[in-house]
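Reviewing the structure listed below.
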Amino acid sequence: MRVLKPEAARDRKDKILNWVVYNYVSTGRPVSSELIASEGRFNVSSATIRNILKELEETGYLFQAHTSGGRIPSDRGYRAYVDNILRLQKLAVIEKERVEDDYERRVEQLDGFLKHTSQMLADMSKWAGFVVSADMDQDSVKRLDLISLGPKSVLSVLFAHSGVMKHAAFSLEKTIEKSALRSLSIKLNRRLKDLPVADIPGIIWKEFQRKPSGSGQDELLKKLADYFTNLAKNEDQLYFEGLNRIYENIEADNFEDIRSVARLLEEKDRFSGMLRERLRDCAIKSRAMAITGPDERKHLVDVTIGSENSVKEFKNFSLVSSSYCVNNKAIGLVGILGYKRMEYPRMISIVDNVSSMVEDMLGEWEGMDFEE
């Protein structure tokens with residue numbers, strides 16, 4: 001009898017496990033040894049497949065919901081599958097270009113930068129998308145940039161001395177010329193530099209809107225003042241879109257998942273707290289990664305599966321997230337929430353590329369020169 005080397009036997013077992021998880025993710029049906037033998041193309045006997053499945057079950061990677069039924073991945077099985085994806089998965093060029101094109105198109109239609117990013121994540125993943133930004137606290141102004149996104153659309157980017165950044169887009173009814181916007185940005189920076197963020201609204205009202213002219217600049221100044229007034233009142237900058245996708249995919253009679261999703265809606269603070277803890281962990285990792293050099297990526301895709309999540313209601317859900325950084329500091333988190341039975345390769349690729357594009361865009365804004 002031919003005896004496989006340990007490495008070959010382990011590789012065959014890993015391939016069968018990955019096939020089982022992928023097939024279950026694709027169909028939602030438990031996977032039988034007969035299905036593997038007929039469609040898996042592993043060129044091994046049915047008896048060998050049954051032995052491998054038994055071993056995977058005994059070691060906690062698979063389980064049987066019913067004695068006579070096929071196998072279903074456990075959290076540990078999903079974890080092995082995801083780890084394999086993280087090692088091997090590279091986003092196809094066509095998919096990456098599609099993500100980039102979609103993102104650029106969305107930015108051009110901005111009504112709210114973070115909200116649209118979370119909505120885009122939901123639309124592309126067909127699950128729920130979220131974005132959470134860092135708290136402002138009591139910080140002081142390093143720089144306030146105003147960037148034209150079109151004749152009636154302006155992006156405000158505030159850089160604080162703590163390294164935290166806040167960004168918001170404003171749609172205007174009246175146009176504002178790029179030259180006027182640049183001049184206003186320079187004047188605001190001269191006046192606001194090193195002052196507390198809380199002082200911004202008062203200074204705008206008293207010193208920049210003394211003689212309203214009804215122009216697009218006046219409209220923008222009013223929106224800026226209102227935005228910074230409300231900033232301290234709304235520290236929880238969580239944008240969560242596409243929850244209906246989870247409802248649509250709830251399996252029949254699965255009332256437990258319905259209750260879990262309902263609790264998520266009622267206890268937003270718990271979900272937000274979990275994401276902020278995740279962001280803090282990312283910030284620590286980002287600082288550690290900074291020593292690798294300026295050309296290295298400073299964010300990682302993080303996947304938590306079922307019971308790995310700190311919120312018990314998420315035992316049937318997975319979170320795929322990544323921080324986005326500026327100057328080696330994690331300033332926000334983007335991600336996807338969906339059932340464990342999700343297309344992990346595609347979800348990881350979407351989150352990875354969206355966080356990279358947000359990071360690249362914010363990095364470009366950070367490097368812009370708005371001095372005279």
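Is it the case that some residue within segment 43-55 is of a type outside the set (A, V, I, L, M), free of Cβ contacts under 8 Å to residues at least 24 places away in the same chain and within 24 Å of Met342 (Cα to Cα)? Within segment 43-55 (the criterion being of a type outside the set (A, V, I, L, M), free of Cβ contacts under 8 Å to residues at least 24 places away in the same chain and within 24 Å of Met342 (Cα to Cα)), the answer is no, since none of the residues qualifies. Restricted to segment 251-282, and to residues there that are small (Gly, Ala, Ser) and modelled with pLDDT of 70 or more, the residue that is surrounded by the most Cβ atoms within 10 Å (Cβ to Cβ) is Ser260.
Being touching a strand residue (DSSP E or B) at 6+ places or on another chain (Cβ under 8 Å), at pLDDT 85 or above, outside any helix (DSSP H, G or I) and closer than 20 Å to Ser321 by Cβ is the requirement here; does Phe170 meet it? Write out each step before concluding.
Details: touching a strand residue (DSSP E or B) at 6+ places or on another chain (Cβ under 8 Å): yes; at pLDDT 85 or above: yes; outside any helix (DSSP H, G or I): yes; closer than 20 Å to Ser321 by Cβ: no.
The answer is no for Phe170.
The set of residues from segment 9-42 being within 20 Å of Glu343 (Cα to Cα) and not in a helix (DSSP H, G or I) comprises Gly28, Arg29, Pro30, Val31, Gly40. Scanning segment 114-140 for residues that are surrounded by 21 or more Cβ atoms within 10 Å (Cβ to Cβ) and not in a helix (DSSP H, G or I), we see that the one that is modelled with the lowest pLDDT is Ala134. Of the residues in segment 289-299, not one is under 26 Å from Met342 (Cα atoms) and modelled with pLDDT of 70 or more.
Taking Phe63, is it among the aromatic types (Phe, Trp, Tyr), part of a loop (DSSP other than H, G, I, E, B) and free of Cβ contacts under 8 Å to residues at least 40 places away in the same chain? Let's see the steps before the verdict.
Working: among the aromatic types (Phe, Trp, Tyr): yes; part of a loop (DSSP other than H, G, I, E, B): no; free of Cβ contacts under 8 Å to residues at least 40 places away in the same chain: yes.
The answer is no for Phe63.
Pairs meeting the criteria (first residue in segment 209-228 and farther than 17 Å from Arg182 by Cβ and modelled with pLDDT under 75, second residue part of a helix (DSSP H, G or I) and not aromatic (Phe, Trp, Tyr), beta carbons under 9 Å, at least 6 apart or on different chains) are Gln209/Asp218; Gln209/Leu221; Gln209/Lys222; Gln209/Ala225; Pro212/Asp218; Pro212/Leu221; Pro212/Lys222.
Listed here are the residues, each with its yes/no results for (1) under 30 Å from Ile350 (Cα atoms); (2) touching a strand residue (DSSP E or B) at 6+ places or on another chain (Cβ under 9 Å); (3) not β-branched (Val, Ile, Thr).
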residue: Val31; (1), (2), (3): yes, yes, no
residue: Phe42; (1), (2), (3): no, no, yes
residue: Ile52; (1), (2), (3): no, no, no
residue: Asp83; (1), (2), (3): yes, yes, yes
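The values are calculated or read from the model by the stated rules, or taken from the named source; none is laboratory data. The model shown is predicted, which means the values in this text are computed figures rather than measured ones. Neighbour counts are summed over all protein chains in view; Cβ atoms, including those assigned to glycine, are modelled from backbone coordinates with ideal geometry.
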